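S.K.: This is the structure I want to talk about, given as structure tokens.
Each value in this text was obtained by applying a stated rule to the coordinates, not by laboratory testing. For clarity, every value in this text was computed on a predicted model and none was experimentally measured. Because the Cβ atoms are built from the backbone with ideal geometry, glycine has one as well, and the counts that use them run over all protein chains shown.
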Amino acid sequence: MDANERIAAAERALTKEFARADDIALFNQEKVLAAFREEQIALRHFAPSTGYGYGDEGREALGRVYARAFGAERAIVSPAMLSGTHALTVALFGVLRPGDSVLCITGMPYDTLRGVIFGEGNGSLKDFGVNFDVLGLRENGKCDFAAAEAALKRKNYRMVYLQRSRGYELRDAFSVQEIGEMCRFVRDRGFNGCIFVDNCYGEFVEKREPTEVGADLIVGSLIKNPGGGLAPTGGYIAGGAEYVAMCENRLTAPSVGGEIGSYAYGYQAYFQGFFLAPHVVCQSVKGALLIGKCMEELGFENFPSLDKVPADITRAILFSSEKELTAFIQSVQDCSPVDSFVKLEAWDMPGYDCKVIMAAGTFVAGASIELSADAPIRKPYTAYFQGGLTYEHCKIACRAILEKLL
């Protein structure tokens, strides 16, 4: 069976999963369209601004659209937040104060956040006297509720922290239903602080967002799902008005908060990207299902299992050697529309504790809503495949990967 035959067989086997992804995309597209219409978005909202940005209608309307679509009271959407890690940092420092304690119940946070949390002498939360306790997950990759209950009894926490995506861990992303269960659990145990969710890679994969099931704040990057492949940079913070206001004070200054913030290039790409995001995320989800099915047929274990509804756009694929791993990552780069000729090398990326190899031949540098893949060079050798602006691109890349493997 050649690559095309394998892909055709995989598509037939995935008919039900593809139909489900299409249904989710339609639901989310209607939700986003309703937010645009309710906020009466007009051409004037795309206009650039300079200086302080007082009365910047585009900035303010963009935040309202995100808040409506995500079921939140308020949102910040800003090109001044340069990555998911930066947006998360702004939100953490906005809400937390010296002496506060945080309880993370979803395992160790993603690599680039560890310096933000535990770093010494670099302006981290630890440097500012914020304690951050991390609970490991159970063997099945799920929340250890017994350990969480015991921790909540021992200490008065200001924040409960949840990471939706797997990061570089071999676990499934947490579904919105599971996040809702965690939110209810900690509330039922008397927790009345901030429930904070790192929502990166999860937006629009399901019909609900964590803010609709009990989370106080969700945070993410615009060069992932919600930017729709058009946002050139930026991040968002959405949730309760009180908490978002605290984050605005950290993003700018306590005296001005969300009243300032200009963008000289205009907001059209941000509005249009968010409008396209439900469809683009659907393309990415279907592409990940396709590569997962084809790799499974070749004997490569990958996560999440194909009988599960994906909770984010990433797929983890296990390899037996560094050589096999890097060959897979290179094959993704070879199929990129940008820098397809580049030969990849693992390097010491800022914020990681080992070398990382990354395929990202993208229009927006490093955008993981575009077809990309990356891997830390460590055992178990695992590639993290994500993105795809069009299913057709994912399919072409899948064929090239299979041809190399076969």
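S.K.: Can you give the charge dipole size of the stretch 48-273 about its Cα centre, rounded to the nearest 20 debye, using +1 on the beta carbon of Lys and Arg and -1 on the beta carbon of Asp and Glu?
M.R.: Using Cβ point charges on Lys, Arg, Asp and Glu, the stretch 48-273 gives about 300 debye.
S.K.: Would you please report the Å³ per residue occupied by the convex hull of the alpha carbon atoms in the stretch 220-272?
M.R.: On the way: hull volume 4.7 nm³, N = 53.
Roughly 89 Å³ of hull volume per residue.
S.K.: Something else now. What's the FRET efficiency of ALA34 with VAL309 using the Cβ-Cβ distance as r and R₀ = 25 Å, to the nearest 0.05?
M.R.: 0.60
S.K.: Using square roots of five times the C-alpha gyration tensor eigenvalues, list the equivalent-ellipsoid semi-axes of the stretch 231-307 in whole Å, biggest first.
M.R.: So the equivalent ellipsoid measures 39, 17, 10 Å along its semi-axes.
S.K.: At 20 °C and a viscosity of 1.002 mPa s, what translational diffusion coefficient does Stokes-Einstein give for the stretch 118-246, taking Rh as the Kirkwood radius over Cα pairs? Give it in µm²/s as a whole number. Let's see the in-between values first.
M.R.: Values: Rh = 15.9 Å.
The Stokes-Einstein estimate is 134 µm²/s.
S.K.: How do the peptides 304-311, 324-331, 192-199 rank, highest first, by the average count of neighbouring beta carbon atoms within 10 Å per residue?
M.R.: Descending packing order for the listed peptides: 192-199, 324-331, 304-311.
S.K.: Provide Rg over Rh for the stretch 64-176; use the alpha carbon set for both Rg and the Kirkwood Rh (inverse mean inverse pair distance).
M.R.: Here Rg/Rh amounts to 0.97.
S.K.: Counting only Cα, what are the radius of gyration and maximum Cα-Cα distance Dmax of the stretch 329-406, in Å?
M.R.: Rg then Dmax for the stretch 329-406, in Å: 12.3, 36.
S.K.: Next question, about the same structure. In cubic angstrom, how much convex hull volume per residue do the alpha carbon atoms of the stretch 48-273 span?
M.R.: 118
S.K.: Exposure proxy check: TYR352, TYR66 ranked by fewest other beta carbons within 10 Å?
M.R.: TYR352, TYR66
S.K.: Compute the distance in nm between two label points, each set 7 Å from the Cα along the Cα-to-Cβ direction, one at ALA42 and one at LYS379.
M.R.: A separation of 6.4 nm, rounded to one decimal place.
S.K.: Say the dipole of the stretch 48-273 comes from +1 at the beta carbon of Lys and Arg and -1 at that of Asp and Glu; which of LEU251, VAL102, ALA148 then lies farthest toward its positive end?
M.R.: After comparing all options, I get ALA148.
S.K.: What's the Cα-based Rg to Rh of the stretch 1-119, Rh via Kirkwood?
M.R.: On the way: Rg = 21.0 Å, Rh = 18.8 Å.
A ratio of 1.12.
S.K.: Taking 10 °C and 1.306 mPa s as the conditions, I'd like the Stokes-Einstein D for the stretch 180-296 in µm²/s, using the Kirkwood hydrodynamic radius from alpha carbon pairs.
M.R.: Translational D for this selection: 98 µm²/s.
S.K.: For the chain, what is the mean residue ellipticity at 222 nm derived from helices alone (per DSSP H run of n ≥ 4: -39500 (n - 2.57); sum divided by total residues; nearest 500 deg cm²/dmol)?
M.R.: Using -39500 (n - 2.57) per qualifying helix, the result is -13000 deg cm²/dmol.
S.K.: So if R0 is 22 Å, what FRET efficiency would LEU318 and GLU345 give, r being the distance between their Cβ atoms, rounded to the nearest 0.05?
M.R.: 0.50
S.K.: Report, in whole Å, the centroid distance computed from the Cα atoms of the stretch 27-101 and the stretch 189-247.
M.R.: So the separation of the two Cα centres works out to 10 Å.
S.K.: What is the magnitude of the charge dipole of the chain about its Cα centre, with +1 placed on the Cβ of each Lys and Arg, -1 on the Cβ of each Asp and Glu, and no other charges, expressed in debye to the nearest 20?
M.R.: Its charge dipole is roughly 460 debye.
S.K.: Once each part is reduced to its C-alpha centroid, what is the distance from the stretch 168-188 to the stretch 266-329 in angstrom?
M.R.: Each part's Cα centre sits 21 Å from the other's.
S.K.: Given the convex hull of the Cα atoms of the chain, what is a quarter of its surface area in nm²?
M.R.: Hull-based average projected area comes out at 19.2 nm².
S.K.: Give the span of the stretch 46-110's Cα atoms along each principal axis, as three whole-Å numbers ordered largest to smallest.
M.R.: Each principal axis gives a Cα extent; for the stretch 46-110 these are 42, 27, 21 Å.
S.K.: List the residues whose amide H sits under 5 Å from the amide H of ILE195, counting only those 5 or more places along or on another chain, with H placed 1.01 Å from N in the peptide plane.
M.R.: It is VAL160, ASP216, LEU217, by chain and number.
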